[in-house]
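Okay, structure first, notes after.
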Amino acid sequence: MKGTLKLGKVSGIGIEVHWTFTLLLLWVAFLEVQRGGNATSILMNMALVVVLFFCVVLHELGHSLTAKKFGIKTKQITLLPIGGVASLEKMPEKPAQELLVALAGPAVNVLIAMVLLLLIPLQSYLGLDVEALNQLVNAPDIQTFLFFLFVANVMLVVFNMIPAFPMDGGRVFRALLTFRLGRVKATEVAAGLGQILAVLFFLFGLMVNPFLILIALFIFFGAYGENQMVKQGALLKGHLVEEAMLTNITILQPSTTVEEVIEVLLKGTEKHFLVADQNKVLGTVDHKVALKYAKEPQRMVGEIMKKEAQKVEASTEIMTAFEMLANKNIELLAVTRNKVLVGAIDRTNIGEFILLQTNLSAQ
């Protein structure tokens, strides 16, 4: 993700923080100044946010390491102002596995809260009113800090367990429904509930806190995206790459010139090309690279091509190819049959195949 700072790796999973995270710290400081807080309370609140987001990293690692047990990799965990995002390759389709992965994150926060509970005199804080709590913020000590961290972790658990995609509660709800309704129908129901809750969050945010509007949009479009993705996966299930692959494509040679590539671009609609020699795929070239070298028309493709071309067998399920394109962030896959190049497949063609299957299933 652009605009991120890499913090390191845990169990092979990259930890990154997005630059917008600094805006959250500034927003927290601004709110504290508006409230009339002093330098001590401002620093305490900012420190609380930083430590809380360390807890968020542990939360996301709970998801990631549990998913790893089911053979699902995580590319990275990114910290954003609205929380952490673990970029799992996919969620398990088996409901029992999805349930465990979804619950693993909140379970980490429950564990953190239980440990903190051993370190703080909770009873002495529960009887305090709002004014007394504000005074504690202005003159904090380590126990007060741990108390607020305990409250924040409890709130994280409660918030994440709201049954709305893409939060953990939505995935738990979907997993439980899947046992009875099947994955497609369960996703439709869970996504619908998530969007209803998002609308309520949006309206509440207009009246109380604009930050809730951002969360509402995140939930609404996350629920919509999850529903569409599962429906598309169901339509592609059982279909093979050879059913949707492109066969009428231009194969470039390493000796093909930039001038010749631009000529092909102008005469047709192809934007991405495979480079091969005697059926051996050597790399890929797209329209952006060709146009970049337009001032060197005699430059050969072999010199400017991207030398790592991803391949997929024609007998592979289309959904696998779709996931490869998404996870590796590439535009074109070479399709082979018994190691012989027979075509290519891209997201556009898969999208057209999905539309075809949608129309056929509606008849």
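The values are calculated or read from the model by the stated rules, or taken from the named source; none is laboratory data. A quick note: this is a predicted structure, and the numbers were derived from the prediction, not measured. Every residue, glycine as well, gets a Cβ built from its backbone with ideal geometry; the counts of neighbours run over all protein chains shown. Keep in mind that these areas ignore ligands, DNA and RNA; they rest on the heavy atoms of the full protein, side chains included. Shrake-Rupley method; radii C 1.70, N 1.55, O 1.52, S 1.80 Å.
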Residue check for GLY283: buried (at least 18 other Cβ atoms within 10 Å of the Cβ) and either under 22 Å from ALA334 (Cα atoms) or in contact (Cβ under 8 Å) with a residue 60 or more places away in the chain (or both) | yes
How many of the residues in the stretch 204-220 are open to solvent by 30 Å² or more (accessible area, probe 1.4 Å) and outside any loop (DSSP other than H, G, I, E, B)?
-> 10
In the stretch 163-189, which residues are open to solvent by 40 Å² or more (accessible area, probe 1.4 Å) and either among the hydrophobic types (A, V, I, L, M, F, W, C) or farther than 18 Å from GLY83 by Cβ (or both)?
-> PHE173, LEU176, PHE179, ARG180, LEU181, ARG183, VAL184, LYS185, GLU188, VAL189
Tell me, yes or no, whether the stretch 96-106 has at least one residue that is over 29 Å from LEU177 (Cα atoms) and at pLDDT 80 or above.
-> no
Look at the stretch 1-38 and say how many of its residues are assigned to a helix (DSSP H, G or I), closer than 26 Å to SER64 by Cβ and open to solvent by less than 60 Å² (accessible area, probe 1.4 Å).
-> 3
Please work out which one of (1) modelled with pLDDT under 85; (2) over 19 Å from the mean Cα position of the chain (by Cα); (3) under 23 Å from VAL172 (Cβ atoms) is the condition LEU52 fails and give its number.
-> (1)
If you check ASN279, ASN227, which single one turns out to be touching an Asp or Glu at 6+ places or on another chain (Cβ under 9 Å) and at pLDDT below 90?
-> ASN227
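Matching residues to (1) open to solvent by less than 60 Å² (accessible area, probe 1.4 Å); (2) more than 17 Å from the chain's Cα centre (by Cα); (3) modelled with pLDDT of 90 or more; (4) closer than 30 Å to LYS94 by Cβ:
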residue: ALA191; (1), (2), (3), (4): yes, no, yes, yes
residue: VAL199; (1), (2), (3), (4): no, yes, yes, no
residue: GLY222; (1), (2), (3), (4): yes, no, no, yes
residue: LYS231; (1), (2), (3), (4): no, yes, no, yes
Within the stretch 66-79, is there a residue that is loosely packed, with under 13 Cβ neighbours inside 10 Å and either outside any loop (DSSP other than H, G, I, E, B) or of a type in the set (A, V, I, L, M, F, W, C) (or both)?
-> yes
If you go through the stretch 222-273, how many residues are within 14 Å of LEU332 (Cα to Cα), in a helix (DSSP H, G or I) and in contact with a Ser or Thr (Cβ under 8 Å, 6 or more places away or on another chain)?
-> 1
Considering only residues that are surrounded by 14 or more Cβ atoms within 10 Å (Cβ to Cβ) and either free of Cβ contacts under 8 Å to residues at least 12 places away in the same chain or among the small types (Gly, Ala, Ser) (or both), look in the stretch 329-359 and name the one that is farthest from LYS307 (Cα to Cα).
-> THR348
Counting only residues that are surrounded by fewer than 19 Cβ atoms within 10 Å (Cβ to Cβ) and either over 24 Å from the mean Cα position of the chain (by Cα) or β-branched (Val, Ile, Thr) (or both), the stretch 97-112 contains a total of 2
First in the stretch 28-55 and within 13 Å of PHE145 (Cβ to Cβ) and of a type in the set (S, T, N, Q), second anywhere and in a helix (DSSP H, G or I) and at pLDDT 75 or above, Cβ under 6 Å, 6 or more apart = ASN45/VAL28
Run down LEU156, LEU146, LEU119 and say which single residue is at pLDDT 80 or above, crowded, with 20+ Cβ neighbours inside 10 Å and within 29 Å of ALA29 (Cβ to Cβ).
-> LEU156
When you scan the stretch 248-280, how many residues do you find that are closer than 20 Å to LEU341 by Cβ, touching a residue at least 24 places away in the same chain (Cβ under 8 Å) and aliphatic (A, V, I, L, M)?
-> 7
